[in-house]
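Student: Quick one: this structure, given as structure tokens, is what I'll be asking you about.
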Amino acid sequence: ALRRVGYNRIDGLMRAPDAPEPLIYLFRFDAPAGGARQRSPSLGNLRETGLALGDSGSPAFVQTQGGPVLLGLNSFVTQPNDPAHVPYGFGTVGGGQFLAPHRAWIASVLGAAPEHLSHTGSAIGSP
């Protein structure tokens, strides 16, 4: 199986009107420095990646001092200027669902709460 690893930064958060914390994270696949589609600082073409067809459901991790911690599940990619045509290149926006807000449901299904679920970059311990 092909395993790809890449990096990106959270560029935005979305929450439901009644939600106490964000539910969705967003990130942009930025062009290298000076590129026409660069919107925010790029991590560089050898590190920064976006999502592509088949990446839905893949894990998103955040790096902490203790190592990688599960942040959420990637679920979509879109082209902000043309949502009907996604070229999977620089300028696309991807995102996914944070897992921390669903801790209680995950615990009910697994029978125990996961030790750590991250939310916006900080590890959250078991309740």
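Computed from the coordinates by the stated procedures, all read-outs in this text should not be read as laboratory data. Treat the numbers as computed from the prediction; the structure is a model and nothing was measured. Note: ideal-geometry Cβ built from the backbone for every residue, glycine included; neighbour counts use all protein chains shown.
Student: Of the peptides 82-89, 70-77, how do they stack up when ordered by the mean number of other Cβ atoms within 10 Å, highest first? Don't skip to the answer; put the middle values down first.
Tutor: On the way: 82-89: 10.6, 70-77: 18.8.
For the peptides 82-89, 70-77, the packing ranking is 70-77, 82-89.
Student: Also: What ranking do 95-102, 11-18, 57-64 get when scored by the average of other Cβ atoms within 10 Å per residue, highest first? Could the numbers behind the result be given before it?
Tutor: Working: 95-102: 19.9, 11-18: 10.8, 57-64: 14.1.
Top of the packing list down: 95-102, 57-64, 11-18.
Student: Could you work out how far apart the two model spin labels at Arg103 and Leu46 are, taking each label as a point 7 Å from the Cα in the direction of the beta carbon, and quote it in nm?
Tutor: Between Arg103 and Leu46, the label points sit 3.9 nm apart.
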